[in-house]
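Take a look at the structure set out below.
Just so it is clear, none of the values below were taken in a lab; they were calculated from the coordinates. Quick caveat, the model's predicted, so the values are computed rather than measured. When we count neighbours, we look across all protein chains shown, and the Cβ atoms used for this are built from the backbone with ideal geometry, even at glycine.
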Amino acid sequence: MGDSLMISEVESRSDVLVIGGSIAGLFAAIKASEEGASVTLVDKGYIGRSGAAVFASAFSVFNSDWGHDLSQWQHEISELGEYMNNPEWTEIGLRESYARYQDLASWGVKFKEGRDGSPLRMPGTPRTGRVLENIDFGGGWAVLPLMRRKALSAGVTIVDRVMITDLLKDDGNVIGAVGFHTANADFHIFHAKATVMCTGTGNLGASTHLERPLTYDGEAMAYRAGADISGSEFSGHLYPVLDSEIQGEIPLGGREPKVAPEEVRHAPMGCSIDTDGKKVSLIVLSSMVPSIAAGRGPILCDLDAEVPEEVKAVMAMHMDPDSALMLDGGFDETQGGLLLGTARTEVYTGLSLHGGGTGIWSANTDGATSLAGLYAAGDCYQSGAVGAVYPASGFGTRNAAVTGARAGTGAATYAQTAEFVVNRSETDRLKSAAYAPLERTGGFDADWVTQQIVSTMVPFYIFLVKQGDRLKAAATLLEYLNKQIGPMLYCRPKDAHGLRLVHEARGRALMAEVMLRSSEFRTESRGNHYREDYPQRDDPGWLAWVKVRDNDGKMDLVKEAFPEEWWPDLSIPYKDRYPWRFLNENAE
């Protein structure tokens, strides 16, 4: 380090290190502590007031005592996700959701109740009627402080406002992590027997709303450490308009629907209209593709004209109009709806599929990854609990709770037989790399890099309507950003906040390239992934995941085929197996 920067070091040891302090991280820390492990929980923000869960409002709970049918829920998740889910993790998520609901209730979380005093159960998605349900827990802003209090009472050591930049490794094993304080730039070294990554999802920088601070930190550092990343071709969903996408009335409070559940489930969901008057869905991107690609934008979501009053009332319990319509950050009051232009449609480009659809590859059902000593949970962990489409509101928070609890327990068990290992040469190398942007007197700043990422990824013809040559070209640009521009990022001396932005831009650029490479590799269309040069699902050829890993600076992509018992029934005609049609697709 140069003389221009005096950095203090803070060093600590714990059996389990948890990185990320939202729902998944807090569950992991609490459950690991309950197993007798010493636990440190670190976050670049203030734990209890940061992360996407701050804005969450629903928690999906499966409970057979409430009349839920396990096989029916599993079928809905598989069909909605176009059979890209791991049925083992899907079942775990359902079966253990009620226990996690009970945990939250015992920690003081107040779930909304109906008139009879029972939990207020609401439809998780219009398409399924009341098959998939969730419960309103009043908002993550109220839940997370209670979870922080529980973690402290369980003996968890909480470290706020320290950004983890890299995982520490020794002989292929993860032995902790390093990072810096986002206010004073002090260097923090966390030695741990086991590490749990719970850093959530990311956004490529186009949004000015809640996803803006989410920057793929965990996936990026896991990739650089050698972990596999999977499901990235399905990134980019438009969930904030989920509750406004209604066709017909959904049964609430035991009422019979005006539209039969079977009709609702197979209806072309949506109150969204293109300029030719055709209804499109903003949940399943492939439904919107024909309108966008044919120039029939902007798309009008006319809530006042289309949504039944009782559904509006339920929506109002979750969010106000501005936060419900975040796609371009504005509500068109003259039209009573949201106007989505062909460019503005993509402000959530890159957001992962909540519920385990994208992220660090799952090695087993205990939260382990492909790296020894590294566990993961929540939106940065690709468990496969959901498939190629986010199935219903509340699945993200439920998945975070279930995977967080499992990963915390798994990490604590691993730590019982592991030893503390200190690799000082690796620590010094990562420290030098972390602070290098402060030492440079010139180069490229983080905002400029983020602008390049957005301008490359946001156009609909890159991320909505994909094609091999365009994907290859965009990936080449991102590769240049990563290999040539990334090493020249800089910020002002002693600017800890600027240093944070640099490392966030690095993570965004890396994961943008992973998304493009994965999309180019998957030569079919499925769920949120539409290839105009391959406009049809390929069963069984692409009943498989795409795994991306680092190979000495080069991205290697591997096709991981599903076990045959996970396949859909291929004797069912294609057009019945997949009710959603792609542009130019031959469904016969």
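General observations
- Sequence ranges 516-528, 569-581, 424-436, ranked by mean other-Cβ count within 10 angstrom, highest first: 516-528, 424-436, 569-581
- Here's how it looks for Q382: its modeled amide H is under 5 Å from those of G359, I360, W361, S362, which are all 5 or more places away or on a different chain.
- Close amide H pairs (under 5 Å, H built 1.01 Å from N) link G202 with Y216, S352, residues at least 5 positions away or on another chain.
- Gain in span if fully extended, D538 to Q416, counting 0.36 nm per residue against the direct Cα distance: 39.4 nm
- Tensor-based shape of the stretch 398-437 (alpha-carbon gyration tensor, a/c under 1.5 rounded, otherwise prolate or oblate): oblate
- Projected label points at R224 and E565, each 7 Å from Cα along the beta carbon direction, are separated by 4.1 nanometres.
- Annotation for S8 and K554: the two label points, set 7 Å from Cα along the Cα-Cβ direction, are 4.7 nm apart.
- Converting the Cα gyration tensor eigenvalues of the stretch 81-193 into ellipsoid dimensions via √(5λ) gives semi-axes, longest first, of 36, 22, 14 Å.
- Across the cross-link table entries K472/K494; K466/K554; K431/K466; K112/K193; K31/K494; K472/K559, which are compared at the Cα atoms, the separations over 29 Å belong to K472/K494; K431/K466; K112/K193; K31/K494.
- Backbone amide hydrogens, once placed in the peptide plane, bring V159 within less than 5 Å of L41, V42, D43, excluding anything fewer than 5 places away on its chain.
- Given R0 = 35 Å, the distance between the Cβ atoms of S432 and A372 translates into a calculated FRET efficiency of 0.85.
- Extension gain, H497 to E439, is 19.4 nm, computed as 0.36 nm per intervening residue step minus the present C-alpha separation.
- Fewest-first ordering of K169, K554 by other beta carbons within 10 Å of each residue's beta carbon gives K554, K169.
- Averaged over residues, the count of other Cβ atoms within 10 Å places the peptides 450-457, 370-377 in the sequence 370-377, 450-457, highest first.
- Separation between Cα centres of the stretch 366-436 and the stretch 492-550, rounded to whole Å: 19 Å
- Eigen-decomposition of the gyration tensor built on the alpha-carbon atoms of the stretch 434-577 gives equivalent ellipsoid semi-axes of 38, 16, 12 angstrom, largest listed first.
- Ranking of V39, V131 by neighbouring Cβ atoms within 10 Å, starting from the fewest: V131, V39.
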